[in-house]
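Below you'll find the structure, written out as structure tokens, and then a few comments.
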Amino acid sequence: LVTTAQPMLSRLVGDYITFTTEPGTARAINAQRGDVEQLLTSLVTLGRDLLPAGGTIAVQVRHDDTTGLPGGIDGPGSLLAVHASGYGVQFPGPMTALELIAQRCGGTIRVNGERGWMVRLEVVFPRCGSLVRPGWDWLTD
């Protein structure tokens, strides 16, 4: 999904932001493709909006071992992360809509970073099956 959406997401972030993707090996998740596409697009759009002076946005997908997250997500899962970095980066305010989309997909959002330099928006999904190949192509119906 990330690889397929890369051209559209590159246009979405604009010319003043460098955009990269790091599709890795993830575990299958129990979510609708449209919900995950909406979540990915919303995270990248939020990352763009947090970079008033431009910078870099990197999207990462990987297997993640999680423990102690809200929602009782423990054990092996998958991580979708959007990392926005650049001078003057802002921290996001309340993300109610994004949190609802993440919950609908079975995930939990966590935000961390350093005000003024970078912010990392992560959605952690509980595992639903075995490891899958890079790019999240397994989400097709």
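The values are calculated or read from the model by the stated rules, or taken from the named source; none is laboratory data. These numbers were taken from a predicted model, which means no experiment stands behind them. Quick reminder, even Gly has a Cβ in these numbers, built from the backbone with ideal geometry, and neighbours come from all protein chains shown. Accessible surface is based on the protein model in full, side chains and every heavy atom, while ligands, DNA and RNA are left aside. Shrake-Rupley method; radii C 1.70, N 1.55, O 1.52, S 1.80 Å.
The combined condition, being modelled with pLDDT under 90, part of a strand (DSSP E or B), open to solvent by less than 70 Å² (accessible area, probe 1.4 Å) and β-branched (Val, Ile, Thr), is not fulfilled by THR56. Checked against (1) open to solvent by 60 Å² or more (accessible area, probe 1.4 Å); (2) at pLDDT 85 or above, ALA81 passes all but a single condition, namely (1). Figure legend. Inter-residue proximity from region 5-27: first residues within 20 Å of GLY86 (Cα to Cα), second residues open to solvent by 70 Å² or more (accessible area, probe 1.4 Å) and in a loop (DSSP other than H, G, I, E, B), beta-carbon distance below 9 Å, spacing 6+ or different chains. Indicated pairs: TYR16/ALA53.
If a residue has to be outside any strand (DSSP E or B), of a type in the set (Val, Ile, Thr), open to solvent by less than 20 Å² (accessible area, probe 1.4 Å) and in contact with a helix residue (DSSP H, G or I) (Cβ under 7 Å, 6 or more places away or on another chain) to count, how many in region 10-47 make the cut?
Qualifying residue count, region 10-47: 3.
Residues in region 85-122 that are touching a residue at least 24 places away in the same chain (Cβ under 8 Å) and under 24 Å from GLY34 (Cβ atoms): 15 in all.
Rundown of residues vs (1) acidic (Asp, Glu); (2) within 15 Å of ASP49 (Cα to Cα); (3) surrounded by fewer than 16 Cβ atoms within 10 Å (Cβ to Cβ), yes/no style:
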{"site": "PRO92", "(1), (2), (3)": "no, yes, no"}
{"site": "GLU99", "(1), (2), (3)": "yes, no, yes"}
{"site": "ALA102", "(1), (2), (3)": "no, no, no"}
{"site": "ARG115", "(1), (2), (3)": "no, yes, yes"}
{"site": "MET118", "(1), (2), (3)": "no, yes, no"}
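Considering only region 21-43, state which residues are of a type in the set (A, V, I, L, M) and more than 12 Å from VAL123 (Cβ to Cβ). Lay out the reasoning, then the answer.
Let us first name the residues in region 21-43 that are of a type in the set (A, V, I, L, M), namely 26, 28-29, 31, 36, 39-40, 43.
ALA28, the sole residue that qualifies.
Against the definition (under 17 Å from GLY24 (Cα atoms) and at pLDDT 85 or above), how does LEU100 come out, yes or no? No; evaluated as a whole, the condition is false for this residue.
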